[in-house]
Amino acid sequence: AHDGVLAGGVDSGIDADSLVALSRSGRAKSEHAPAGLVAGEGAAVVLIGRGGGGLAEIRQVADDAPDLTSAIASLMSDGARPTIGHVYSSMNGERRWAIEWATAATRHRDIFTVDPRLDHPAQAYGDLGAASGPALVALAALDRRRGTSLVYASGDDGLHAAALLTIIGD
C-alpha cells in the first residue's frame, strides 16, 4: 500500500504557435483586448497523502463538471454545507471566466461568507493551463488562514474541477 501520490501538471502557452493563435482569436491581453489573458507556463506538483501531518485536508473533489456551478454543487452532494471564506480560482483575466464565477457564486451564495477572499493568481503570473489545478491547491495549502477554501480550475476544453480544502497546518 502507498501512503501518498504525487499529482501535478505542466503546461506552456508561450510558444510561438500558441501566442499567434491567442492573438488571432482576440484572447491575448493587449491594448485592443484589455480583458484578455496573459499566456504563461508552469509546473506544479502536490503530494496527496493519508494519515495527517499535512498542511491541508482535501474534503471533497469534483472533476469533469460541465460548468463551475455544477462542480460546486457536486462538492455538496453529501449534504455538507461548508462556510467558505477563501477561493482560489484559475480566472485568467478573460471576461467569460469572471462571468462564470459570478454566476456560480450567486447560485451558491449560501455556502460563502459575506465577503469571501478571491485569489486568481493567473492574472499575476499568467495562465498556467494544466498546471493551474495543482498550483492552486499548493497555494491554498500554504495559506495560513484557517477554515475552508474552495479551489477550482476551468479549462478551455469545457471541463471544470473543484475541491474543498480545510487548512490544518500550524
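Here the extension length gained between I14 and D110 equals 30.6 nm, from 0.36 nm per residue of separation less the Cα-Cα distance. Between V38 and K29, D127, the built amide H atoms are under 5 Å apart, and every one of these is 5 or more places off in sequence or on another chain. Is segment 19-67 rounded, prolate or oblate when judged by the Cα gyration tensor, a ≥ b ≥ c being the square roots of its eigenvalues, rounded requiring a/c under 1.5 and prolate requiring a/b larger than b/c? In terms of gyration-tensor shape, prolate.
Pick out, in residue order, every one of the trypsin sites (Lys or Arg not before Pro) in segment 35-142 that is DSSP loop and has at most 16 other C-beta atoms within 10 Å; say none if there are none.
Those that pass, being in a loop and sparsely packed, are R50.
Around the amide H of H86, modelled in the peptide plane, lie the amide H atoms of R117, L150, all under 5 Å away and 5 or more residues distant in sequence or on another chain. Whole-Hz Karplus ³J(HN,Hα) for segment 103-109, in order, using 6.51 cos²θ - 1.76 cosθ + 1.60 and θ = phi - 60°, x for Gly and Pro? So the J values, rounded to whole Hz, are 5, 5, 5, 5, 5, 10, 4.
Rounded, prolate or oblate: which one fits segment 1-136, using the alpha carbon gyration tensor with axes a ≥ b ≥ c (rounded when a/c is under 1.5, else prolate when a/b beats b/c, else oblate)? Oblate. Sparsely packed loop sites in segment 49-138 (the GluC sites (Glu not before Pro) outside DSSP H, G, I, E and B with at most 15 other Cβ atoms within 10 Å) do not occur.
Select from S70, S154, S30 the residue whose mean-square fluctuation is largest in a Gaussian network model of the chain (Cα-Cα springs shorter than 10 Å). The residue with the greatest mean-square fluctuation here is S30. Backbone geometry of segment 78-83 corresponds, through the Karplus equation with coefficients 6.51, -1.76 and 1.60 at θ = phi - 60°, to 3J(HN,Hα) couplings of 8, x, 5, 10, x, 9 Hz, x marking Gly and Pro. Sequence-distant contacts, meaning Cα pairs under 8 Å at least 6 residues apart, place the relative contact order of segment 1-77 at 33 percent. Under the shape rule built on the C-alpha gyration tensor, where the axes satisfy a ≥ b ≥ c, segment 97-170 is oblate, since a/c reaches at least 1.5 while a/b does not exceed b/c.
Placing unit charges on the Cβ atoms only, positive for Lys and Arg and negative for Asp and Glu, gives the chain a dipole magnitude near 540 debye about its Cα centre.
Laboratory data are not the source of any read-out in this text; all were calculated from the coordinates shown. Just so we're clear, the structure is a prediction, and the values are computed from it rather than from any experiment. For neighbour counting, all protein chains shown are included, and Cβ atoms are generated from backbone atoms with ideal geometry for every residue, glycine included.
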